[in-house]
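Okay, so here's the structure we're looking at.
Every number here is computed from the coordinates shown, using simple stated rules; none is lab data. Please read these numbers as outputs of a predicted model, since none were measured by experiment. Cβ sites come from the backbone with ideal geometry, for glycine too, and all protein chains shown count toward neighbours.
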Amino acid sequence: MAYYISTTLNRPFDESIEEVTRALQAEGFGVLSDIDVKATMKKKLDIDYHNYRILGACNPPYAHRALEAEHMIGTLLPCNVIVQEREAGYIEIAAVDPVSSMGAVNNESIIPIAEEIRQKLERVIQSLK
């Protein structure tokens, strides 16, 4: 089973970030964190890395349901969505598959919630094509 859902775009990197953010918002997600891996690699290691951002997406009603079902599920939150430019103009978007990640939790009540979140993230990814 794949642990992520992905697609590729042929758009500028910054435009892709904006498009992903809008698609997440349309499904009720906000971006709680935005980690610029390229900038971090340069600053901390003086390594030139390709454009790579990790967006921490959260849908508050689903996060609340998940936390109510499993108090330690916060270790798997928020849902990470990566946007990376492997070569100029070639943008890969990938979101974690919450069913895969939360499947490791020994709590059957979390699976239906993870399935609903996966459906939302699949719609996000599909809307970007």
Note on region 60-92: residues surrounded by 16 or more Cβ atoms within 10 Å (Cβ to Cβ), over 17 Å from the mean Cα position of the chain (by Cα) and part of a helix (DSSP H, G or I) are 65, 69
I'd like the residue in region 36-53 that is surrounded by 14 or more Cβ atoms within 10 Å (Cβ to Cβ) and hydrophobic (A, V, I, L, M, F, W, C) and, out of all such residues, is farthest from the chain's Cα centre (by Cα). 41
Among the residues of region 32-48, are any of a type in the set (Lys, Arg) and assigned to a loop (DSSP other than H, G, I, E, B)? no
Search result, residues across region 12-38 that are farther than 24 Å from residue 76 by Cα and out of contact with any Leu (no Cβ under 9 Å at 6 or more places or on another chain): 12, 13, 14, 18
Extreme residue, surrounded by the most Cβ atoms within 10 Å (Cβ to Cβ), among residues of region 106-129 that are out of contact with any Pro (no Cβ under 9 Å at 6 or more places or on another chain) and either assigned to a loop (DSSP other than H, G, I, E, B) or without any contact (Cβ under 8 Å) to a residue 24 or more places away in the chain (or both): 128
Restricting attention to region 1-18, report how many residues are buried (at least 19 other Cβ atoms within 10 Å of the Cβ) and not hydrophobic (A, V, I, L, M, F, W, C). 1
In this structure, is residue 127 touching a Phe, Trp or Tyr at 6+ places or on another chain (Cβ under 8 Å) and hydroxyl-bearing (Ser, Thr, Tyr)? no
Checked pairs for region 93-105, first outside any loop (DSSP other than H, G, I, E, B), second among the charged types (D, E, K, R), C-beta under 7 Å and 6 or more apart or across chains, list as 98/118; 99/115; 99/118
